[in-house]
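The values are calculated or read from the model by the stated rules, or taken from the named source; none is laboratory data. Since the structure is predicted, the reported quantities are computational estimates derived from the model, not experimental observations. Positions of Cβ are backbone-derived with ideal geometry, glycine not excepted, and every protein chain shown enters the neighbour counts. Note: accessible area is taken over every heavy atom of the protein model, side chains too, but ligands, DNA and RNA are not part of it. Shrake-Rupley method; radii C 1.70, N 1.55, O 1.52, S 1.80 Å.
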Amino acid sequence: RGHISVRDVDIVFETTTGPHAAVKNANLTVRPGEFICLLGPSGCGKSTLMNSIAGFVPPTSGEVTIDGDLVTEPGPDRGMVFQQHSLFPWKTVKENVAFGPLMAGVGQNEATSVARTFLSLVGLAAFENAYPNTLSGGMQQRVGIARALANYPSVLLMDEPFGALDAQTRVMMQENLLEIWSEFRNTVVFVTHDIDEAVFLSDRIVVMSASPGRIIADINVKLPRPRE
Ligand code: ADP
Ligand code: ADP
């Protein structure tokens, strides 16, 4: 599970100055368990394309399917991590992570147990009763990752998740993410404008370019990872 298919997708936004093509003729297949980076300069349509996979932005034409099902809205098969973590500040870390499973109809005890499992996975078991604003930025992003995984999504969509972190924390988080993924092996689409980050994280990099946002390259890079 976790097969993403983007077929002939155009995304046009209506703006006050007229229609604005954010994504043009995108075609992309991501196989189950593949980890790809979507790389390109700011404004080239990476987030828009990812949001069409998430179900937040409908394609103007073309279609997005996951495991053969047409994507028309967000669903628990897709976990999302954003640059801004968007945790609920009034909930503890554990409650934040348990929220998705609870919404999906999982019972309170089971949801708490799932939350603990994923908090352990991101190294925050000891902080389950803390409130998000008492944690560092990196820790908050790790809670965000735990929350995104708590519904056992077949697809994990990450939009510059480490973009707001300092360089040292970012490297730690990249390593942590690869450890988590090697255990989880779900499909990952990771949006970044940082080529070093893309090369470190993934062997497959899909490159976009602006005006209008097009996929201009889909490359396999098998480099020795400098930090391994
Ligand atoms: P990236 O993620 O690569 O930085 P985006 O997907 O955010 O790029 O944006 C692509 C283009 O679409 C940009 O020109 C941006 O200004 C425009 N855009 C994004 N979202 C909207 C929107 N909701 N309405 C109008 N224009 C938008
Ligand atoms: P109350 O907020 O009065 O406790 P609710 O049924 O509105 O009752 O909320 C139940 C739980 O969900 C509480 O922990 C509350 O803080 C939290 N909550 C309230 N609104 C939202 C929301 N929009 N999204 C997520 N959690 C919410």
Quiz item: What are the ³J(HN,Hα) values, in whole Hz, obtained from phi via the Karplus relation 6.51 cos²θ - 1.76 cosθ + 1.60 with θ = phi - 60°, for each residue of segment 18-32 in sequence order, with x given for Gly and Pro?
Solution: x, x, 10, 7, 8, 9, 10, 6, 7, 10, 7, 10, 10, 7, x
Quiz prompt | Cα-based shape type of segment 27-67, given that a ≥ b ≥ c are square roots of the gyration tensor eigenvalues and the cut on a/c is 1.5 | solution = oblate
Quiz prompt | Of every Cα-Cα pair in the chain, the percent that sits beyond 32 Å | solution = 18
Self-check item: Label point 7 Å beyond Cα of Thr60 along Cβ direction - residues of segment 1-42 with amide nitrogen under 18 Å
Solution: 7-27
Quiz item: Hey, what's the chain come to in accessible area per residue, 1.4 Å probe, Å²?
Solution: 47
Quiz prompt | Computed over segment 94-178, the ratio Rg/Rh where both radii use C-alpha atoms and Rh is Kirkwood | solution = 0.97
Quiz item: If you place +1 on the Cβ of every Lys and Arg and -1 on the Cβ of every Asp and Glu, how big does the dipole about the Cα centre of segment 65-175 come out, in debye to the nearest 20?
Solution: 380
Quiz item: If you count the DSSP beta bridges with both ends in the chain, what percent of them are antiparallel, to the nearest 5?
Solution: 55
Exercise. Would you be so kind as to identify which of Leu119, Leu135, Ala148 lies farthest towards the positive end of the dipole of segment 109-228, taking Lys and Arg as +1 and Asp and Glu as -1 on Cβ and the Cα centre as origin?
Key: Ala148
Exercise. Go through Leu87, Leu70, Leu28 and say which Cα lies farthest out towards the positive end of the charge dipole of segment 1-112; charges sit on Cβ, +1 for Lys and Arg, -1 for Asp and Glu.
Key: Leu87
Quiz item: What is the spread of the Cα atoms of segment 7-113 along each of their three principal axes, largest first, in whole Å?
Solution: 48, 33, 23
Exercise. Choose one of Val106, Ile216, Gln168: the residue whose Cα lies farthest towards the positive end of the charge dipole of the chain (beta-carbon charges +1 Lys, Arg; -1 Asp, Glu; about the Cα centre).
Key: Gln168
Quiz item: What is the magnitude of the charge dipole of segment 104-228 about its Cα centre, with +1 placed on the Cβ of each Lys and Arg, -1 on the Cβ of each Asp and Glu, and no other charges, expressed in debye to the nearest 20?
Solution: 140
Self-check item: Span from the segment 190-219 Cα centroid across to the segment 119-180 one, whole angstrom
Solution: 22
Exercise. Return P(r) of segment 154-213 (all Cα-Cα pairs; 5 Å bins starting at 0; whole %; ordered from short to long distances).
Key: 4, 15, 29, 27, 15, 7, 3, 0
Exercise. Would you tally the net charge around Ala26, using a Cβ to Cβ cut-off of less than 13 Å, leaving Ala26 out, and scoring K and R as +1, D and E as -1?
Key: 0
Self-check item: Summed side-chain charge close to Lys91 - residues other than Lys91 whose Cβ falls under 13 Å, Lys, Arg +1, Asp, Glu -1
Solution: 0
Quiz item: Which aspartates and glutamates have a Cα less than 19 Å from the Cα of Lys24, not counting those fewer than 8 places away in the same chain?
Solution: Asp8, Asp10, Glu14, Glu63, Asp218
Exercise. Would you mind telling me the share, in percent, of accessible area of the chain contributed by carbon and sulfur at probe 1.4 angstrom?
Key: 53
Self-check item: Ranked by how many other beta carbons lie within 10 Å on average, peptides 66-78, 134-146 from highest
Solution: 134-146, 66-78
